[in-house]
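Beneath this line is the structure, given in structure tokens, with notes to follow.
Coordinate-derived values only; no laboratory data. What you are looking at is a predicted structure, and each value in this text was computed from that prediction instead of being measured. In this analysis, Cβ positions are derived from the backbone assuming ideal geometry, glycine residues included, and neighbour counts consider all displayed protein chains.
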Amino acid sequence: GCGKTTLLNMVGLIVSPTFGDLLIQGLNTKSFSNNKLSALRSKFFGYIVQDFALIEDYTALENAEIPLLYGPERLGRNERRKRVHEALSRVDLDSKMHEEVRNLSGGQRQRVAIARALVSDPQVILADEPTGSLDSQTGHEVFRLLMELVQEGRTLLLVTHNLDLAQHCERRVNMVDGCIV
């Protein structure tokens, strides 16, 4: 590809740039330990990917809870479940909370992935082709939900090949051969 996923992974502190600096709230992340990077990832970013990256044997609740189990903020079970329930309700999946994700439709799976990205209340949502494997109607519903998050003040960095969706974004950046043009 042209580097869109790599760019998201750099912004999300998953990979380091080969040159230059990456600043998060004015802090240069170049010398940060893996633990510090992980803590920043958990605090600032929610990640949504095209293939959902869900654990098939887990329920929607268990999948959405994962960031809260490994993040820097140690929450009790009741507080974790409360946040997960709120996130799943937000994406209209509270009725499917106890379903294994293998039994959910593609659109429902993507909404579980969005709920997982929201449980830690991130400032930035990184979305890598979040509608790419969905039918057009479900894709538009997912996109509408992402736009609601922007209206609430979150930042959305969206990678898509869907020009119809891209035209509804406030700002668009094109990439060609790894370069922003």
Result: in the chain the number of Lys pairs with C-alpha under 28 Å apart, spaced 8 or more or on different chains, is 8
What helix-only [θ] at 222 nm does the chain give? Using -39500 (n - 2.57) per DSSP H run of at least 4, over all residues, to the nearest 500, the answer is -13000 deg cm²/dmol
Among Phe32, Val159, Tyr58, the residue whose Cα sits farthest towards the positive end of the charge dipole of the chain, when +1 is placed on the Cβ of each Lys and Arg and -1 on the Cβ of each Asp and Glu, is Phe32
Ranked output for segments 79-88, 94-103, 123-132 by mean other Cβ atoms within 10 Å, highest leading, reads 123-132, 79-88, 94-103
Computed over the range 4-180, the Cα gyration tensor eigenvalues, each multiplied by 5 and square-rooted, give semi-axes in Å (largest first) of 26, 22, 13
Quick calc, Glu99 & Gln123: beta-carbon distance into FRET formula, R0 30 Å, rounding 0.05, result 0.50
About its Cα centre, the range 4-180 carries a charge dipole, from +1 on Lys and Arg Cβ atoms and -1 on Asp and Glu Cβ atoms, whose size in debye to the nearest 20 is 620
Within the range 4-180, the percent of DSSP beta bridges that are antiparallel, given to the nearest 5, stands at 35
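Please get the size of the charge dipole for the range 132-181, origin at its Cα centre, with Cβ charges of +1 on Lys and Arg and -1 on Asp and Glu, quoted in debye to the nearest 20.
Dipole magnitude for the range 132-181 comes out near 160 debye.
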